[in-house]
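A.B. asks: One structure is given below, represented as structure tokens, and several questions about it will come after.
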Amino acid sequence: MANTFKSYTKTTVTNSLTDIYTVPSATTSIVIGISLANILDDGNTVYADVKVDKSTGDDVFLIKNAPLYDGAAFTLSDTGKIILETGDKIQAISNTASSVDILVSVLEQT
């Protein structure tokens, strides 16, 4: 079984659910951390959600309506193990179009 650390990024998360990471076939992934940043420079607060879209249909939110002030960042880390299986997705959404950058770090086991 091979273990590989990887990071996935998406610039400018939009105001509709955006796929950030999908677990490849024959892979189990452990989420290590998720970082979000407000990239607007307009003095406004944006709100972001991060969701796990399970291939089994039992979707859950990891982050819901997190306020990201002008230039602020939010990091979800050291929350215990978040295990994802083949076909599961990490998705993100912001209340303002093109306002949030996101980075997801995972350990993939194949």
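The values are calculated or read from the model by the stated rules, or taken from the named source; none is laboratory data. The shown structure was predicted, so the numbers you read here are calculated from the model rather than taken from an experiment. Neighbour counts are summed over all protein chains in view; Cβ atoms, including those assigned to glycine, are modelled from backbone coordinates with ideal geometry.
A.B. asks: What number of residues in segment 11-22 are in a loop (DSSP other than H, G, I, E, B) and out of contact with any Ser or Thr (no Cβ under 7 Å at 6 or more places or on another chain)? Quick ask: steps written out before the conclusion?
C.D. replies: Going through segment 11-22, the residues in a loop (DSSP other than H, G, I, E, B) turn out to be 14-17.
From the residues that got through so far, the ones that are out of contact with any Ser or Thr (no Cβ under 7 Å at 6 or more places or on another chain) too are 16-17.
Residues in segment 11-22 being in a loop (DSSP other than H, G, I, E, B) and out of contact with any Ser or Thr (no Cβ under 7 Å at 6 or more places or on another chain): 2 in total.
A.B. asks: Can I ask one more? Pick from segment 40-59 the residues that are out of contact with any Lys or Arg (no Cβ under 6 Å at 6 or more places or on another chain) and surrounded by 16 or more Cβ atoms within 10 Å (Cβ to Cβ): which of them is modelled with the lowest pLDDT?
C.D. replies: L40
A.B. asks: Specify which of the listed residues (S35, S25, S29) is surrounded by fewer than 18 Cβ atoms within 10 Å (Cβ to Cβ), at pLDDT 95 or above, part of a strand (DSSP E or B) and among the small types (G, A, S). Give the steps one after another, and end with the answer.
C.D. replies: Numbers: S25 fails: part of a strand (DSSP E or B); S29 fails: surrounded by fewer than 18 Cβ atoms within 10 Å (Cβ to Cβ).
Every option except S35 fails the conditions.
A.B. asks: Being hydroxyl-bearing (S, T, Y) and under 17 Å from F74 (Cβ atoms) narrows it down to one of S16, S7, S25, so name that one.
C.D. replies: Every option except S7 fails the conditions.
A.B. asks: While we're looking at this one, here's another question. Inside segment 67-110, can you point out the residues that are part of a strand (DSSP E or B), of a type in the set (D, E) and within 13 Å of Y21 (Cα to Cα)? Show your work before the answer.
C.D. replies: In the first step, residues of segment 67-110 are kept if they are part of a strand (DSSP E or B); the result is 67-68, 73-85, 89-94, 100-109.
Okay, now just the ones that are also of a type in the set (D, E), so 78, 85, 101, 108.
Answer for segment 67-110, where residues must be part of a strand (DSSP E or B), of a type in the set (D, E) and within 13 Å of Y21 (Cα to Cα): E85, E108.
A.B. asks: Quickly run through segment 34-62 and pick out the residues that are touching a Pro at 6+ places or on another chain (Cβ under 9 Å) and among the small types (G, A, S).
C.D. replies: Matches in segment 34-62: A48 only.
A.B. asks: Go through segment 72-93 and count every residue that is of a type outside the set (K, R), closer than 22 Å to N15 by Cα and either touching a His at 6+ places or on another chain (Cβ under 7 Å) or surrounded by 12 or more Cβ atoms within 10 Å (Cβ to Cβ) (or both).
C.D. replies: Step one: filter segment 72-93 for residues of a type outside the set (K, R), giving 72-80, 82-88, 90-93.
Now narrow it down to the ones that are closer than 22 Å to N15 by Cα: 72-76, 88, 90-93.
Applying the additional criterion that residues be either touching a His at 6+ places or on another chain (Cβ under 7 Å) or surrounded by 12 or more Cβ atoms within 10 Å (Cβ to Cβ) (or both) yields 72-74, 76, 88, 90-93.
Result for segment 72-93: 9.
A.B. asks: Residues of segment 38-59 being part of a strand (DSSP E or B) and of a type outside the set (K, R), which ones? I'd like the intermediate steps shown before the answer.
C.D. replies: Just the residues of segment 38-59 that are part of a strand (DSSP E or B), to begin with: 38, 46-53.
Those that are part of a strand (DSSP E or B) and of a type outside the set (K, R): N38, V46, Y47, A48, D49, V50, V52, D53.
So that you can scan it fast, the table gives a plain yes or no per residue for (1) among the aromatic types (F, W, Y); (2) at negative phi:
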site	(1), (2)
F5	yes, yes
N15	no, yes
T22	no, yes
T27	no, yes
I30	no, yes
V50	no, yes
G80	no, no
Q109	no, yes
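A.B. asks: Only one of L107, L62, L68, L84 is at pLDDT below 95 and not small (G, A, S); which?
C.D. replies: Numbers: L107 fails: at pLDDT below 95; L68 fails: at pLDDT below 95; L84 fails: at pLDDT below 95.
Among L107, L62, L68, L84, only L62 is at pLDDT below 95 and not small (G, A, S).
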